[in-house]
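Peer 1: Take this structure, written in structure tokens, and hold onto it; I'll ask about it next.
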Amino acid sequence: QVQLVESGGGLIQAGGSVRLSCLASDDTFKSYAMAWFRQAPGNLREFVGTINWSGDNTLYATSVKGRVAISRDNREKTVDLQMNGLKPEETAVYYCAGRRGYYLYSRSEDYDVWGRGTQVTVSS
């Protein structure tokens, strides 16, 4: 089963941008739909966005639409999350998730492979 490792988190000022990256362990990645979720302390895990296996279709949560973009490079086995206009309430651990499939999936229970997460802290 593919393994996922996130990177790119850190401390960002409100209104700033961050680019998170998720690296997969093997080439089966190219058959996976991928997604980003986030979880703040005391909150449920929240869907941010997803991208299909080929990278030509995406779906975003309403709360982030227009401010985020997910992209993938199947040769490099990476999926990236670009977030702009960050708000303090978006402070959370951001997780990369994957599952085999041809469609877009927005529920956390749809995914069976998860990274360990990367912390994003947005200061006001």
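The values are calculated or read from the model by the stated rules, or taken from the named source; none is laboratory data. On a predicted model such as this, the values are computed, not experimentally measured, just so you know. Note: ideal-geometry Cβ built from the backbone for every residue, glycine included; neighbour counts use all protein chains shown. Note: areas computed on protein heavy atoms with side chains; ligands, DNA, RNA excluded. Shrake-Rupley method; radii C 1.70, N 1.55, O 1.52, S 1.80 Å.
Peer 1: Given a 1.4 Å probe and heavy atoms of the protein chains only, how would you sort Asp80, Asp112, Asp26, Asp56, largest accessible area at the top?
Peer 2: Reading off the accessible areas and sorting them downward yields Asp56, Asp112, Asp26, Asp80.
Peer 1: Below 17 Å, Cα to Cα, which aspartates and glutamates can Lys87 reach? Residues fewer than 8 away in the same chain don't count.
Peer 2: Cross-link targets: Glu46.
Peer 1: Counting only protein chains, not ligands or nucleic acids, how are Arg45, Arg67, Arg116, Arg107 ordered by accessible area (probe 1.4 Å), most first?
Peer 2: Arg116, Arg107, Arg45, Arg67
Peer 1: Can you give me the % of accessible surface on the chain that is carbon or sulfur? Probe 1.4 Å, all protein chains present, nothing else counted. Show your work: numbers first, answer last.
Peer 2: Working: 3070 of 6530 Å².
That fraction is 47 percent.
Peer 1: Let me ask something additional. What figure, in Å² to the nearest 10, do you get for the accessible area of Trp53 with a 1.4 Å probe and non-protein molecules left out?
Peer 2: 100 Å²
Peer 1: Quick check: Cα centre of the range 95-120 to Cα centre of the range 37-86, how many Å?
Peer 2: One Cα centre to the other: 10 Å.
Peer 1: What percent of all Cα-Cα pairs in the chain falls into each 5 Å bin, going from 0 up to the bin containing the maximum distance?
Peer 2: 2, 13, 24, 27, 19, 10, 4, 1, 0
Peer 1: Pick out, in residue order, every one of the GluC sites (Glu not before Pro) in the range 65-124 that is DSSP loop and has at most 12 other C-beta atoms within 10 Å; say none if there are none.
Peer 2: Sites meeting the loop and neighbour criteria: Glu76.
Peer 1: Could you provide, to the nearest whole Å², the per residue accessible area of the chain with probe 1.4 Å?
Peer 2: Normalised by residue count, the accessible surface of the chain is 53 Å².
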